[in-house]
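Just below is one structure, and these are the notes that go with it.
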Amino acid sequence: MLRVAVVGSGPSGCYTAQTLVQRDPGVCVDVLDRLPCPYGLVRYGVAPDHEKIKSLQGSLRAVLEHERVRFLGGVRVGGPGGLPVERLRELYHAVVYCVGAATDRRLGIPGEELPGSWSATDFVAWYSAHPDAADAGFLRGVRSAVVIGVGNVAVDVTRMLVRGAAELRPTDIPQAALDALAASGIAEVHMVGRRGPAQARFTTKELRELGALPGTDVTVDPADLALDPADPTALPAVQRRNLEVLRDWAARPPADTARRIGLRFFLRPVELLADGGRVGAVRFERTAPDGYGGVTGTGRFEDVPAQLVLRSVGYRGVPLDGLPFDAASGTVPNTAGRVVRDGVPCPAEYVAGWIKRGPTGVIGTNRPCAKETVTTLLADAPALLARQLPEDPVTALRAAGAEPVPWAGWQAIERAEAALGARLGRSVVKLADWDALLTAARSA
Ligand code: NAP
């Protein structure tokens, strides 16, 4: 049997495990995750009100319950206290790193670290009940928020900021986040792009959702649309449809609603301004299209008041000790998924997902990406099989200080979340801290 470790149980890890066992009956796979819970960004990134996308967990579950796949949660690979990459390599014929892009890109402007300025990923982690997320009082005293960036994460956090409790209560959002959002006095969210509407990265379905939120008006400045030189007929379909939606909104008279989302374009953030020791506004420079899809500064500035700033300018991969890393792209150098070290391919080490190709694409993009990596790995398999392995890697993991949470442990967490929901008069409610998760897991 070819024994493979997949590190990370998000979509890329699950699709990698699935393709491995489907393509070769002689492969068994351990899927390791540092959390006791599987599914990566499907559990800890997809917004709670996107229940259809979250239902994808059903098909990922089938992969992790396959007879030749084993889930081992609570196992950290690399980093302080984690299992060294070199040790993991000794326990398996091959290791596939599917560790995603764990941090956020920085703006690199003054004031970025002011209290009240957060990366969108911090906010997402909080409302998704990630056990490492802190309850940072994101919404306390906030009337106006600025979301910097116009990708799908920006749309998610903008929508979550104005969603009402009635719409969130049926979801699995943790109770503390639900209570905080329900009590929030937020009236305005400005979602701001540095380039024009035709260069926005969000997709049309996600954009349209903003216009369907109860009690919330969406405004678009017609001047921003007029400034965009793009010929709509020459644009790809998504951008063309985005512009149609934005034009409709720009043409509507403002509605008298409790909350408002303002979509702004051609504004480049240059500084976060303090007010009373925390963020009070964002200073933007007005930009103008350069005719090539980029923008140039105009030297004119505009301050947008905000007691909360969410920087939603993309994710970034994090280096793993013992693996090569390209800091510019935030990825592990590879050819068709095989890790390349100092220009030399390393059979036995592979990557898939965002750590392989960067943080772009939707969940489904991970399928062909995983397939490519598995094709590479299986081509190496005859040589990899020549190496003798120790008996069961779990014994070695325990000896190295890890205490793997098996699938039954995860199932116990699921039962605990259902029981918590029942106690609160809701459906399933996520457990949001390490203690609660591990206590539930160990009860199995
Ligand atoms: P993204 O799509 O790359 O968008 C990043 C945004 O940040 C862009 O508008 C970008 O503008 C802007 N930006 C970057 N650097 C900036 C700077 N220094 N100053 C101002 N703006 C800056 O990233 P994302 O929204 O994090 O999404 C990551 C991936 O996950 C995407 O593929 C996305 O589609 C996917 N996702 C999908 C869903 C869904 O399907 N529902 C939900 C969430 C995420 P420029 O274009 O000018 O660089």
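All told, E65 meets the bar of being acidic (D, E), more than 14 Å from V99 (Cα to Cα), out of contact with any Gly (no Cβ under 8 Å at 6 or more places or on another chain) and not assigned by TED's automatic domain parsing to the domain that holds P174.
Restricting attention to the range 144-162, does a residue exist that is assigned by TED's automatic domain parsing to the domain that holds R283, open to solvent by 30 Å² or more (accessible area, probe 1.4 Å) and not in a loop (DSSP other than H, G, I, E, B)?
Yes, some residue in the range 144-162 is assigned by TED's automatic domain parsing to the domain that holds R283, open to solvent by 30 Å² or more (accessible area, probe 1.4 Å) and not in a loop (DSSP other than H, G, I, E, B).
Residues satisfying the criterion are absent from the range 20-34 (criterion: closer than 26 Å to N152 by Cβ, within 16 Å of the ligand (Cβ to nearest atom) and in contact with a Lys or Arg (Cβ under 8 Å, 6 or more places away or on another chain)).
Hey, among P115, P170, which residue is touching a strand residue (DSSP E or B) at 6+ places or on another chain (Cβ under 8 Å), more than 30 Å from A198 (Cα to Cα) and outside any strand (DSSP E or B)? Step through it out loud before you land on a result.
Details: P170 fails: touching a strand residue (DSSP E or B) at 6+ places or on another chain (Cβ under 8 Å).
Only one candidate passes the filter, namely P115.
The C-beta contact set for the range 36-55 (first residue not assigned by TED's automatic domain parsing to the domain that holds A165, second residue acidic (D, E) and part of a loop (DSSP other than H, G, I, E, B), distance under 7 angstrom, 6+ apart or interchain) comprises P48/D172. Scan the range 35-60 residue by residue and report those that are within 16 Å of the ligand (Cβ to nearest atom), closer than 29 Å to L83 by Cα and either in a loop (DSSP other than H, G, I, E, B) or open to solvent by 20 Å² or more (accessible area, probe 1.4 Å) (or both). Within the range 35-60, Y39, G40, L41, G45, V46, Q57 meet the criteria. Among the residues in the range 191-198, are any crowded, with 20+ Cβ neighbours inside 10 Å, within 16 Å of the ligand (Cβ to nearest atom) and part of a helix (DSSP H, G or I)? Taking every residue of the range 191-198 in turn, at least one turns out to be crowded, with 20+ Cβ neighbours inside 10 Å, within 16 Å of the ligand (Cβ to nearest atom) and part of a helix (DSSP H, G or I). Is it fair to say D179 is under 18 Å from W249 (Cα atoms), more than 21 Å from the chain's Cα centre (by Cα) and either of a type in the set (D, E) or part of a strand (DSSP E or B) (or both)? So D179 does not fit the description; no. For the list (1) farther than 17 Å from F325 by Cα; (2) outside any loop (DSSP other than H, G, I, E, B), I need the number of the one condition that C346 fails. Single failed check for C346: (1). Would you mind stating whether G364 is within 16 Å of the ligand (Cβ to nearest atom) and in contact (Cβ under 8 Å) with a residue 60 or more places away in the chain? Criteria not met by G364.
Screening C28 against (1) buried (at least 23 other Cβ atoms within 10 Å of the Cβ); (2) not in a helix (DSSP H, G or I); (3) not β-branched (V, I, T) leaves a single unmet condition, (1).
Have a look at G280, G297, G262, G293 and point out the one that is in a strand (DSSP E or B), over 22 Å from L139 (Cβ atoms) and of a type outside the set (S, T, Y).
G297
Note on the range 388-413: residues that are touching a residue at least 12 places away in the same chain (Cβ under 8 Å) and either out of contact with any strand residue (DSSP E or B) (no Cβ under 8 Å at 6 or more places or on another chain) or of a type in the set (G, A, S) (or both) amount to 11.
Within the range 349-399, how many residues turn out to be within 20 Å of R89 (Cα to Cα) and either open to solvent by 10 Å² or more (accessible area, probe 1.4 Å) or part of a helix (DSSP H, G or I) (or both)? Steps first, please.
Step one: of the range 349-399, the residues within 20 Å of R89 (Cα to Cα) are 349-353, 355-356, 370, 373-399.
Then drop every residue that is not either open to solvent by 10 Å² or more (accessible area, probe 1.4 Å) or part of a helix (DSSP H, G or I) (or both), which leaves 355-356, 370, 373-399.
Matching residues across the range 349-399 total 30.
Only a single criterion out of (1) at pLDDT 95 or above; (2) under 26 Å from G297 (Cβ atoms); (3) of a type in the set (D, E, K, R) is not satisfied by E209, namely (2). Among the residues making up the range 199-218, those that are more than 10 Å from the ligand (Cβ to nearest atom) and more than 13 Å from G262 (Cα to Cα) are T204, R208, A212, L213, P214, G215. Within the set V374, V309, V313, the sole residue that is of a type outside the set (S, T, N, Q), under 24 Å from the mean Cα position of the chain (by Cα) and away from the ligand (no atom under 16 Å from the Cβ) turns out to be V374. Comparison of R159, R163 shows that the only residue that is over 16 Å from the mean Cα position of the chain (by Cα), within 21 Å of S55 (Cβ to Cβ) and within 16 Å of the ligand (Cβ to nearest atom) is R163.
Out of P222, P229, P214, report the one residue that is assigned by TED's automatic domain parsing to the domain that holds E167, in contact (Cβ under 8 Å) with a residue 60 or more places away in the chain and either over 24 Å from M160 (Cα atoms) or open to solvent by 20 Å² or more (accessible area, probe 1.4 Å) (or both). Quick ask: steps written out before the conclusion?
Values: P222 fails: in contact (Cβ under 8 Å) with a residue 60 or more places away in the chain; P214 fails: in contact (Cβ under 8 Å) with a residue 60 or more places away in the chain.
After ruling out the rest, the residue left standing is P229.
In the range 250-272, the residues that are under 22 Å from G116 (Cβ atoms) form Cβ pairs under 6 Å with partners that are of a type in the set (D, E) and open to solvent by 40 Å² or more (accessible area, probe 1.4 Å), at six or more places apart or across chains, as follows: R260/E188.
The values are calculated or read from the model by the stated rules, or taken from the named source; none is laboratory data. What you see is a predicted model; the values in this text were computed from it and never measured. Note that we place each Cβ from the backbone using ideal geometry, even for glycine, and neighbour counts take in every protein chain shown. Quick note on the areas: whole protein, heavy atoms, side chains included, nothing else; ligands and nucleic acids left out. Shrake-Rupley method; radii C 1.70, N 1.55, O 1.52, S 1.80 Å.
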